[in-house]
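Trainee: Structure below; questions to follow.
Please treat every number below as a calculation from the coordinates, not as lab data. Fair warning: this is a prediction, and the values are worked out from it, not measured in the lab. Quick reminder, even Gly has a Cβ in these numbers, built from the backbone with ideal geometry, and neighbours come from all protein chains shown.
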Amino acid sequence: MCCPKGWRRFQGSCYFLSTDMMSWDKSAENCTGMGSQLVVITSKAEQEFLFNLTKEKATSLYETKYYIGLAAYKTGKWQWVDQTPYESTATFWKPGEPNLLFAEKCAAIHVKGKTDPNTYSNWNNVLCITSCYRICEQAVKLL
């Protein structure tokens with residue numbers, strides 16, 4: 001079982017953390033272009049793995065945001081990119097989020113530097129045009 005060069009494996013998936021920033025739509029397109037999709041987080045273990053991975057990449061004390069495959073801009077309801085029912089998955093919103101749903105319709109993992117302790121409460125909803133990093137996910141390839 002393996003992942004493409006530069007991707008990290010966890011359970012049955014491979015994950016790619018971008019080094020450049022773009023809007024949610026462009027992020028989704030970019031992941032699709034790599035044969036993947038924006039990440040769909042379905043468990044506490046996956047959330048913990050991804051949060052630790054984003055903290056590893058954090059270069060400063062400043063906040064860093066990584067788009068995930070969750071948005072509400074098409075229907076007004078939160079929807080995962082792979083159609084996984086939102087109601088049936090664990091969510092990891094920061095306290096008070098999601099807020100301003102009339103405007104902020106895309107979700108991102110929000111990391112405050114390498115020492116951020118908020119493993120299970122760090123999703124933030126943002127304007128979909130915000131430039132953020134992204135996390136792409138694809139199934140592990142069997143060789």
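Trainee: Lys pairs in the chain, Cα-Cα under 12 Å, at least 8 apart or on separate chains: how many?
Mentor: Qualifying lysine pairs in the chain: 9.
Trainee: Further question on the same structure: Using the Karplus curve 6.51 cos²θ - 1.76 cosθ + 1.60 with θ = phi - 60°, what ³J(HN,Hα) values do you get for each residue of segment 91-100, in whole Hz, with x for Gly and Pro?
Mentor: For segment 91-100, the Karplus-derived couplings read 10, 10, 5, 5, x, x, 10, x, 10, 6 Hz, x marking Gly and Pro.
Trainee: Another one. Val140 versus Met1, label points 7 Å from Cα toward the beta carbon: distance in nm?
Mentor: Between Val140 and Met1, the label points sit 0.2 nm apart.
Trainee: Filter the chymotrypsin sites (Phe, Trp or Tyr not before Pro) in segment 71-111 down to the DSSP loop ones having no more than 10 other Cβ atoms within 10 Å, then list what survives. Show your work: numbers first, answer last.
Mentor: On the way: sites: Tyr73, Trp78, Trp80, Tyr86, Phe92, Trp93, Phe102; in loops: Tyr73, Trp78, Phe92, Phe102.
Here the chymotrypsin sites (Phe, Trp or Tyr not before Pro) that fit, given the DSSP loop and packing criteria, are Phe102.
Trainee: Whole-Hz ³J(HN,Hα) for each residue in segment 19-30, computed from phi via Karplus 6.51 cos²θ - 1.76 cosθ + 1.60 with θ = phi - 60°, x for glycine and proline: what do you get?
Mentor: Coupling constants for segment 19-30: 10, 10, 10, 7, 5, 5, 4, 5, 4, 4, 4, 4 Hz.
Trainee: Using Cβ-Cβ distances only, list the Cys residues of the chain with no partner cysteine under 4.7 Å, sorted by number.
Mentor: Cys2, Cys132
Trainee: On to the next question. Amide H to amide H, which residues 5 or more places from Arg134 or on other chains are under 5 Å from it, using H placed in the peptide plane?
Mentor: So Arg134 has HN proximity to Ser18, Tyr67.
Trainee: Which longest run of the chain has no exposed loop site in it, a site being trypsin sites (Lys or Arg not before Pro) in a DSSP loop with at most 14 other beta carbons within 10 Å, and the site itself not part of the run? Could you put the intermediate results ahead of the total?
Mentor: Values: sites that count: Lys5, Lys74, Lys77, Lys114.
Value returned for the longest uninterrupted segment is 6-73.
Trainee: Take the alpha carbon atoms of segment 8-139, find their radius of gyration, then divide it by 2.2 N^0.38 Å using N residues; give the quotient. Don't jump to the answer; show the numbers that get you there.
Mentor: Details: Rg = 13.3 Å, N = 132, 2.2 N^0.38 = 14.1 Å.
Taking N as the residue count of segment 8-139, the ratio is 0.95.
Trainee: Per DSSP H run of n ≥ 4, the term is -39500 (n - 2.57); total these for the chain, divide by its residue number, and report the mean residue ellipticity at 222 nm rounded to 500 deg cm²/dmol. Present the calculation step by step, with values, prior to reporting the outcome.
Mentor: Working: 2 runs with 24 residues, N = 143.
My calculation for the chain gives -5000 deg cm²/dmol from helical runs alone.
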